[in-house]
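These notes are about the structure you will find just below.
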Amino acid sequence: MIVAKSAGKTVEETVTEKVPKKGLKKVTETSAETQKDISMVVHYDLSALVPFASPLATEEFTLELMQIVRKASRKRHCRRGVKEVVKALKKGHKGLVVMAGDISPIDIITHIPILCEDSSVPYIYIPSRADLGFACATKRPTSVVMIVPDQKVEDAFDYKEHYITCYNKVKELVNRFFLCVIVVAFY
């Protein structure tokens, strides 16, 4: 069990006991801004995934992505929902796209990876849209989120190092995924 605690600008990870239900992880986050505890439970259930959900984040990387989405939503650096993300991609905004892998019907988000590839924006799937919505600080499940950091204002972009590491890791996963697809296509 990974518990991430955030106080100010530091994030430290500690290991605690497992949640009784299989496939769940619990993240407790304490914010200096709000002075209240927020618990995130990550559902890593792969039974409802759409067939094209690749590259898929691992369980630990899903926690990191949810923390980045949480921090970006506090700073209003998120575009949430299919309509807003498509609009941002068409306008040429750069960032990181996080999509849920348990969407039904699947036609809702099938065009977003193509738009991301055309604009050279890295994207990744996480297993649960309910978790993605909770990370955005909304009560509704969310299909897709685009993190668009405002790099002009350095004070608002206090999660920069964490964002850059996640961005590079997603970019590496996407490149590795496409390399595998190209190799398989030629055989």
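The values are calculated or read from the model by the stated rules, or taken from the named source; none is laboratory data. Not measured: the values here are computed from a predicted model. In this analysis, Cβ positions are derived from the backbone assuming ideal geometry, glycine residues included, and neighbour counts consider all displayed protein chains.
PHE52 - would you say it is among the aromatic types (Phe, Trp, Tyr) and within 16 Å of SER143 (Cα to Cα)?
Numbers: among the aromatic types (Phe, Trp, Tyr): yes; within 16 Å of SER143 (Cα to Cα): yes.
Yes.
Exactly one of these conditions fails for ARG76: (1) at pLDDT 90 or above; (2) surrounded by fewer than 12 Cβ atoms within 10 Å (Cβ to Cβ); (3) at positive phi. Give me its number.
(1) is the only condition that ARG76 fails.
Surrounded by fewer than 21 Cβ atoms within 10 Å (Cβ to Cβ) and on the phi > 0 side of the Ramachandran plot - does that describe any residue in segment 152-160? If you could, list the steps in order and put the result at the bottom.
Going residue by residue through segment 152-160, those that are surrounded by fewer than 21 Cβ atoms within 10 Å (Cβ to Cβ) are 152-158, 160.
Pick out the ones that are also on the phi > 0 side of the Ramachandran plot and you get none.
No, segment 152-160 contains no residue that is surrounded by fewer than 21 Cβ atoms within 10 Å (Cβ to Cβ) and on the phi > 0 side of the Ramachandran plot.
Can we say PRO127 is more than 17 Å from TYR163 (Cβ to Cβ) and surrounded by 14 or more Cβ atoms within 10 Å (Cβ to Cβ)? Let's see the steps before the verdict.
Values: more than 17 Å from TYR163 (Cβ to Cβ): yes; surrounded by 14 or more Cβ atoms within 10 Å (Cβ to Cβ): yes.
Against the criterion (more than 17 Å from TYR163 (Cβ to Cβ) and surrounded by 14 or more Cβ atoms within 10 Å (Cβ to Cβ)), PRO127 qualifies.
At pLDDT below 80 and over 22 Å from GLU60 (Cα atoms) - does that describe any residue in segment 128-151? If you could, list the steps in order and put the result at the bottom.
In the first step, residues of segment 128-151 are kept if they are at pLDDT below 80; the result is 150-151.
From what's left, over 22 Å from GLU60 (Cα atoms): 150-151.
There is at least one residue in segment 128-151 that is at pLDDT below 80 and over 22 Å from GLU60 (Cα atoms).
Let me spell it out: the conditions are (1) among the charged types (D, E, K, R); (2) within 17 Å of ARG80 (Cα to Cα); (3) crowded, with 16+ Cβ neighbours inside 10 Å, and ARG140 meets all of them except one. Which number is the exception?
(3)
Tell me, please, whether a residue that is touching a residue at least 24 places away in the same chain (Cβ under 8 Å) and more than 17 Å from the chain's Cα centre (by Cα) can be found in segment 74-90.
Among the residues of segment 74-90, at least one is touching a residue at least 24 places away in the same chain (Cβ under 8 Å) and more than 17 Å from the chain's Cα centre (by Cα), which makes the answer yes.
Looking at LEU89, LEU96, LEU115, which one is surrounded by 14 or more Cβ atoms within 10 Å (Cβ to Cβ) and closer than 15 Å to VAL69 by Cβ? Break it down into steps so the answer makes sense when it comes.
Values: LEU89 fails: closer than 15 Å to VAL69 by Cβ; LEU115 fails: closer than 15 Å to VAL69 by Cβ.
That would be LEU96, the only listed residue that is surrounded by 14 or more Cβ atoms within 10 Å (Cβ to Cβ) and closer than 15 Å to VAL69 by Cβ.
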